[in-house]
Ligand code: ADP
């Protein structure tokens, strides 16, 4: 099972080039598509989910041509969008039942079994009679996973799933997602590096519609070995460090800036070498591309 994206491009009518000649192979398992806001992630996700057209390029899921065989693709697709929009005031179980019917699960007994099993799986069975409109963000996302799993999809697309979740909800969501994708392709689009670090065996970084990196998270971090240095500094000295060093990230810890710089030689000046993390990879890729 493989998703092959070749030379995919999309320019919106206002002239924004949201996808710029993207080529990417995505194997089975959890795949993280990482990029800052505006990078083109939703455009790519919506194109893969057959919700919008590309200008050029091709996308194949094994032998299904996604851009032309939309109907075939939809039979094997599960999609969890960023926002569902307005939920009707119907119970979770009735809504999921209705979605199962739309997905073509026409046998009533079979449908009931599938719906109950999915609600159990995402830990919402005890809330099945409550309206989804009254669910918390985390519960909605878990409901979203349940509906995305209807009909045994081979490709599941989740667009920015953890934005707005509190840490507990995010953890529950991570656990649920990680149980799903071994034999199917799960693409997780996110601007949160931690999502990818926790869940994904393969990843890509995109920015301004361009592919900056694709591979495993560990190869990406290994490439920065012995090159990332850290120092806690005073706020007032930040401009000096910006002038003299290649700062790739600044974080406040206990109110003080902690900077990470990229350097091929020991910068001295009180810096210490640290193990590169995925944030370093992400910010360095994005800085280089700007
Ligand atoms: P991301 O999901 O990574 O935040 P998007 O795919 O939503 O990125 O957007 C990529 C770029 O395309 C952004 O510059 C955005 O403003 C622009 N864009 C997205 N949708 C449209 C649209 N329908 N019309 C015009 N520009 C759009």
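Taking residue 182 as the residue in question, decide whether it is closer than 22 Å to residue 3 by Cβ and assigned to a helix (DSSP H, G or I). No; evaluated as a whole, the condition is false for this residue. With respect to (1) surrounded by 18 or more Cβ atoms within 10 Å (Cβ to Cβ); (2) at pLDDT below 95; (3) more than 30 Å from residue 165 (Cβ to Cβ), the lone exception for residue 229 is condition (2). So which residues in segment 195-211 are under 24 Å from residue 172 (Cβ atoms) and either outside the structural domain of residue 164 (by TED's automatic domain parsing) or in a loop (DSSP other than H, G, I, E, B) (or both)? Residues satisfying the conditions are 200, 201. For residues that are within 17 Å of residue 57 (Cβ to Cβ) and in contact with a helix residue (DSSP H, G or I) (Cβ under 6 Å, 6 or more places away or on another chain), scanning just segment 11-42, find the one that is nearest to the ligand (Cβ to nearest atom). The extreme case among them is 18.
Looking across segment 129-146, the residues that are surrounded by fewer than 17 Cβ atoms within 10 Å (Cβ to Cβ) and either in a loop (DSSP other than H, G, I, E, B) or in contact with a helix residue (DSSP H, G or I) (Cβ under 7 Å, 6 or more places away or on another chain) (or both) come down to 129, 130, 136, 137.
The values are calculated or read from the model by the stated rules, or taken from the named source; none is laboratory data. Keep in mind that what you see is a predicted model, and the values were worked out from it rather than measured. For neighbour counting, all protein chains shown are included, and Cβ atoms are generated from backbone atoms with ideal geometry for every residue, glycine included.
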